[in-house]
Amino acid sequence: MSQPLTGGCQCGSVRYEVPAEMATAAKCHCRECQKATGTGALTAAVYPEGDVKVMGETKTYKYTADSGNEVTHQFCPNCGSRLFLKSPSGLPGLTLVLAGSLDDSSTVKPQFVVFASRRPAWDNDDPSVPHHAGMPTG
């Protein structure tokens, strides 16, 4: 069994541990993810909710995604680093860990891209992975 991965916020107030094996990983170019990261996309590793062990308190920010599903971002209340997101109606039972918050994100390899139609020209994606114009259904 591989060593778990660790991560946390910028100031160190929130730390977490996840299994080395993630369910999948994805890159999202929706405007909410662009605004959340200040970049062209959000890259996340996906885990079953119970596999994410969090040490420290987080705050939440909720919004309604283009799909109509509610999304909750969890972030450090001290430094503001975004760490996780959940969508109980869109991705029940899963936690998305923002790849940039991992101590070593080298194992995160997005398996697909969503909202590719909103990708800024300056943000490149791996052309060998499936791209979806919006959020795929089903």
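The values are calculated or read from the model by the stated rules, or taken from the named source; none is laboratory data. Note that the structure is predicted; figures quoted are calculated from it, not measured. Neighbour counts run over all protein chains shown; Cβ positions are idealised from the backbone, glycine included.
Find the residue count for the stretch 102-138, including only residues that are small (Gly, Ala, Ser), surrounded by 11 or more Cβ atoms within 10 Å (Cβ to Cβ) and within 14 Å of residue 25 (Cβ to Cβ).
Count: 1.
Taking the options 25, 65, 36, name whichever one is buried (at least 16 other Cβ atoms within 10 Å of the Cβ), at pLDDT 95 or above and not β-branched (Val, Ile, Thr).
25
Against the condition surrounded by 13 or more Cβ atoms within 10 Å (Cβ to Cβ), under 22 Å from residue 123 (Cα atoms), of a type in the set (A, V, I, L, M, F, W, C) and modelled with pLDDT of 95 or more, how does residue 99 come out, does it pass?
Against the criterion (surrounded by 13 or more Cβ atoms within 10 Å (Cβ to Cβ), under 22 Å from residue 123 (Cα atoms), of a type in the set (A, V, I, L, M, F, W, C) and modelled with pLDDT of 95 or more), residue 99 qualifies.
Here's a check for you: in the stretch 5-21, which residue that is at pLDDT 95 or above and part of a loop (DSSP other than H, G, I, E, B) is nearest to residue 111 (Cα to Cα)?
By that ranking, first place goes to 19.
Please count how many residues of the stretch 23-69 are free of Cβ contacts under 8 Å to residues at least 24 places away in the same chain, of a type outside the set (S, T, N, Q) and part of a loop (DSSP other than H, G, I, E, B).
Number of matching residues: 2.
Among the residues of the stretch 72-81, which ones are out of contact with any helix residue (DSSP H, G or I) (no Cβ under 7 Å at 6 or more places or on another chain) and either modelled with pLDDT under 95 or buried (at least 17 other Cβ atoms within 10 Å of the Cβ) (or both)?
Filtering the stretch 72-81 down to residues out of contact with any helix residue (DSSP H, G or I) (no Cβ under 7 Å at 6 or more places or on another chain) leaves 72, 74-80.
Those that are out of contact with any helix residue (DSSP H, G or I) (no Cβ under 7 Å at 6 or more places or on another chain) and either modelled with pLDDT under 95 or buried (at least 17 other Cβ atoms within 10 Å of the Cβ) (or both): 74, 75, 76.
All but one of (1) surrounded by 14 or more Cβ atoms within 10 Å (Cβ to Cβ); (2) in contact with a Ser or Thr (Cβ under 7 Å, 6 or more places away or on another chain) hold for residue 54; which doesn't?
Checking residue 54 against (1) surrounded by 14 or more Cβ atoms within 10 Å (Cβ to Cβ); (2) in contact with a Ser or Thr (Cβ under 7 Å, 6 or more places away or on another chain), the one that fails is (2).
Just one of 133, 99, 45 is aliphatic (A, V, I, L, M), touching a Ser or Thr at 6+ places or on another chain (Cβ under 6 Å) and within 27 Å of residue 14 (Cβ to Cβ); which is it?
It is 99.
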